[in-house]
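Step one of this worksheet: look at the structure below.
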Amino acid sequence: MADLDFQKQALAHLDALYNFAMYLTKRPPDADDLVQETYLRAFRFSHRFQPGTHLRAWLFQILRNTFLTFYRVREREAPVAEDGVPEWDVPMFHHAPEDDGTAMDAHTDLERAMRRLPEEFRTVLLLAEVEGLPLEEVARVMACPVGTVKSRIFRAKERLRGMLTDYETK
Amino acid sequence: MTERFDESDESLSRRLAGLPRYAAPARLRVSIVEAASPAPRRPIWLSPLLAAAATTMALALLVLPVLPRITPADPVQRYVRAVVSEHSRTLMWGARHGEILPTALPWLTEQSGIALPKVFVGDERLTFVAAEPVYLERQRGVAIHYRDVDGHMLTYIALPAPGLAVPDRARVPIGRWRPALLRDSGFASWVWKQGDVGCFIVSDMVSADDVERFKEYFTRIRSTTEPVPAH
């Protein structure tokens, strides 16, 4: 298991990981489980971490891989809500306490559009635009070339714009 | 409105960066730290010690039923406990043979091995109840049961006890006799010897007033009963 210094450094990124997990899983209990599993794996394999590289990107990579391994299976089996609206289409930020009314409305549409993006597009936007990771780190997390990351970001934004336009005209 | 979303790349990036952030609950940090902490290591000697203790306990449970009952080391106490048990049995289930002395004496002598040339058969205070042979401390003996006017049961027992030594520290002077007064399990017992025969009178008369009457009953029985080995 990891030493206390490593644990302390890793736990400094807890909020960022939890935020990312919430965007991926959409449910706080799942986000809790995902983050905890991520940390346990990180501590268990801390010897594989290369000092000098970005610990945060390494943790995001573990979290995404864990999500893809375990949670997407569950996501596919998510039940349809009583009102008939699939759960993935429910706005995620309507309980965010720091939003005022205007921002809430805009964020709701934006978030709804984010949720409808394929995971590859959603994740690159979250890492690059929300978390502010350099493209090289995003490429490492996504295990793909930087060019692919740029392409995905471009295409993701195009899709977002299209969906936001659809919401606005409804 | 449609124009609103023909926004520039920078504008959309700003909106994405401004999305609300979720902070991890405090309990999550605690649970991660707890889960990451290695469980306290058990001392290396603890497992063998627990195994040995469990084995010992299991053996004790197996052996306990076949161990001999704990009996007093003092022979007098052993006798007293035996006669008290016999008295208790009589109180609970009554005497097994209710014969009227002295017609039953030949049979009683034959069965008990104790002859009673003289025997107390009761008076105005003590009523004869029954007489029967008993087997106590690996000896045949005779038991005679009485009831006093207040309802107290008394059991007189005589059986061979050549090695029995009446303890001097418990002796109580009553007239010309000095029997020992011993207590066991809430009962009081007079203990004395006549030759090689050990004699006992057991009753539940343990209070100070009762003991005074118990002395009188001893006198009545002792002065009129003469047990001797029959053979």
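No lab work stands behind these numbers, since they all come straight from the coordinates. Computed from a predicted model, the values in this text were never measured in an experiment. Note: ideal-geometry Cβ built from the backbone for every residue, glycine included; neighbour counts use all protein chains shown.
Summary of values
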read-out	value
FRET E, pair B:R89, B:A52, Förster distance 56 Å, beta-carbon r, rounded to 0.05	0.85
10 Å Cβ neighbours from other chains, averaged over peptide A:29-41	3
Cβ charges +1 (Lys, Arg) and -1 (Asp, Glu), total dipole of the range B:146-230, debye	300
Set of lysines near B:K193 by C-alpha distance (under 30 Å), chain-local residues within fewer than 8 positions excluded	B:K118, B:K215
Residue-averaged beta-carbon neighbours from other chains (10 angstrom radius) around A:155-167	3
Averaged over B:25-36, number of beta-carbon atoms from partner chains that fall within 10 Å	5
Pairwise FRET efficiency - B:D209 versus B:E110, Cβ, R0 = 45 Å, nearest 0.05	0.65
Total charge dipole magnitude, the range A:117-170, about the Cα centre, Cβ charges on Lys, Arg, Asp, Glu only, Debye to nearest 20	180
Relative contact order of the range A:117-170, defined on C-alpha pairs under 8 angstrom at six or more residues apart (%)	38
Charge context of B:H152, other residues only, Cβ under 10 angstrom, K/R +1, D/E -1	-2
Helix-only [θ]222 nm of chain B, DSSP H runs n ≥ 4, -39500 (n - 2.57) each, per residue, nearest 500	-11500 deg cm²/dmol
Charge dipole of the range B:97-221 about the Cα centre (unit charges at C-beta), most positive-ward option of B:I174, B:A104, B:V202	B:I174
Label-point separation, B:R27 to B:T127 (7 Å along Cα→Cβ), nm	7.8
